[in-house]
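The values are calculated or read from the model by the stated rules, or taken from the named source; none is laboratory data. The shown structure was predicted, so the numbers you read here are calculated from the model rather than taken from an experiment. FYI the Cβ positions are ideal-geometry reconstructions off the backbone, even for glycines, and counts take in every protein chain you see.
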Amino acid sequence: MSDRPLPDDLGIDTLAIRAAQLRTDEMAHSDPVFLTSSFVYETAAQAAARFSGEEPGNVYSRFTNPTVRAFEQRLAALEGGEQCVAFASGMAAITATFMALLSPGDHIVSSRGVFGTTHVVYDKYLRKFGIDTTLVDLADLEAWRAAIRPQTRFLYLETPSNPLAEVGDIAALAELAHAHGAELIVDNCFCTPALQRPLDLGADFIIHSATKYLDGQGRCLGGAVIGPAARMTEVYSFLRSTGASMSPFNAWVFQSGLETLSLRMQAHSRNALGMAEWLAQQPGIARVHYAGLTSHPHHELAARQQSGFGGVLSFEVEDSDGQRDRQAAWRFIDATRLVSITANLGDVKTTITHPGSTTHARVSDDEKRRSGISENLIRLAVGLEALDDLKADMVRGLQALGHTSRV
């Protein structure tokens, strides 16, 4: 890291560029990337001291790499957290947190509106090890309260949620968790620290899929967990032992992505709000889900705990005959020509997908219904293209359903 300590109380935009800068002997201005599997030592005694932890330093890139460490420290600084541990993917970060910090017999209360694969981890893998999960509606604080047991260790949520942009009250849920001896985990993927800082609102841990907005261009897979150092020791130990490690190259890409995060998130939010307002006026759009709309039931909460509404929205379609089904959604998607048909999000390129058959395909039909993921639902992760061009592409989808758009 740089030998010159940074001033205190820097703004988040400055931290995104200057925190945890690496400096080699060559003093390159750009952060270097350490593409190496292992590190060499001056003596056998030094090697032993490094492996035992008696002497700080790099050992093996599975768990100590300067580039990965720089990304971890920069992201922790942006989130206002004590320690960050990076992983190979967002799902690796989620699973590692649960496996490192939970024991058989423990219990999780989770919002329904989480990524589909998180449901698979709950139902197929945590349950195998005697860890039970209760699902509740994100905005129903009394349902959260009623679901807590003496064995509850974590309350877990995504806010805004995927794909319906529901918003959970982080401060209220943190207070509820702590009153029952539990901890709150917030997946901050959709907002990032540029728009929302859950730790400031009382959360204990933050989860990120760095694959999304932290990168911003859909190049690399990665994940991260941020939390108190005393608790993160066990998460780090799990990483060291199981090896779901972030690639140094990916960490270098993510660290570079953080430098433009605030600018990108503001631009994503502007485009998404413009798109949501326009879609809400179009024939063939039965409903738009975006917390930036004043009609959204969680708009006031989102405005209070976020500094922007993010780039992800979803909407329900119907064809000119009134059909609201999967076929209508697929016809709309297939008629587009500009946006990318892919389940990833957080890219400068706008992406479109049908959640029921992609991101949430492995969720049971009953749970999809309870979560509000209908067959005619489409998710749009609005990128940074010209908004008029994106609207024109949505017009193609509307025309495929037999509708004429309104300006």
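See the values below:
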| quantity | calculated |
| --- | --- |
| D31 vs. criteria part of a helix (DSSP H, G or I), within 26 Å of the chain's Cα centre (by Cα), modelled with pLDDT under 90 and among the acidic types (D, E) | no |
| Only listed residue being touching a residue at least 60 places away in the same chain (Cβ under 8 Å), over 29 Å from D123 (Cα atoms) and outside the structural domain of G292 (by TED's automatic domain parsing), chosen from R406, R331 | R406 |
| Some residue of the stretch 72-87 being in contact with an Asp or Glu (Cβ under 6 Å, 6 or more places away or on another chain) and under 24 Å from R219 (Cβ atoms) | yes |
| Residues of the stretch 140-151 that turn out to be surrounded by fewer than 20 Cβ atoms within 10 Å (Cβ to Cβ) and either touching a helix residue (DSSP H, G or I) at 6+ places or on another chain (Cβ under 8 Å) or assigned to a helix (DSSP H, G or I) (or both), as a count | 7 |
| Every pair of residues 6+ apart whose Cβ atoms lie under 9 Å, when the first sits in the stretch 70-86 and is closer than 21 Å to G57 by Cα while the second is buried (at least 24 other Cβ atoms within 10 Å of the Cβ) and of a type in the set (D, E) | Q83/E72; C84/E72; V85/E72; A86/E72 |
| Residue ID - surrounded by the most Cβ atoms within 10 Å (Cβ to Cβ), chosen from residues in the stretch 365-381 that are at pLDDT below 90 and basic (K, R) | K368 |
| Search result, residues across the stretch 183-204 that are hydrophobic (A, V, I, L, M, F, W, C) and crowded, with 24+ Cβ neighbours inside 10 Å | L184, I185, V186, C189, F190, C191, A194, L195, A203 |
| Any pair with Cβ under 8 angstrom, 6 or more apart, that starts in the stretch 224-242 at a residue that is of a type in the set (D, E) and ends at one that is modelled with pLDDT of 95 or more | E234/A100; E234/L101 |
| Residue identified as under 22 Å from the mean Cα position of the chain (by Cα), surrounded by fewer than 24 Cβ atoms within 10 Å (Cβ to Cβ), under 28 Å from L214 (Cα atoms) and among the aromatic types (F, W, Y) among F63, F154, F71, F87 | F154 |
| Qualifying residue in the stretch 257-280 (condition: polar (S, T, N, Q), within 17 Å of D215 (Cβ to Cβ) and surrounded by 21 or more Cβ atoms within 10 Å (Cβ to Cβ)) | yes |
| Single residue of the stretch 303-339 satisfying the filter (among the polar types (S, T, N, Q) and more than 20 Å from the chain's Cα centre (by Cα)) that is nearest to L201 (Cα to Cα) | T336 |
| Selection count, the stretch 93-132, where residues are modelled with pLDDT of 95 or more, in a helix (DSSP H, G or I), β-branched (V, I, T) and buried (at least 22 other Cβ atoms within 10 Å of the Cβ) | 2 |
| Residues of the stretch 299-322 classified as surrounded by 16 or more Cβ atoms within 10 Å (Cβ to Cβ) and more than 19 Å from A165 (Cβ to Cβ), total | 2 |
| Failed condition for E300, given (1) farther than 26 Å from D347 by Cβ; (2) touching a residue at least 40 places away in the same chain (Cβ under 8 Å); (3) over 20 Å from the mean Cα position of the chain (by Cα); (4) assigned to a helix (DSSP H, G or I) | (2) |
| Test: residue in the stretch 348-356 that is more than 16 Å from I373 (Cα to Cα), more than 20 Å from the chain's Cα centre (by Cα), touching a residue at least 12 places away in the same chain (Cβ under 8 Å) and not assigned by TED's automatic domain parsing to the domain that holds S161 | no |
| Members of the stretch 154-205 that are in a strand (DSSP E or B) and not hydrophobic (A, V, I, L, M, F, W, C) | Y156, E158, E183, D187 |
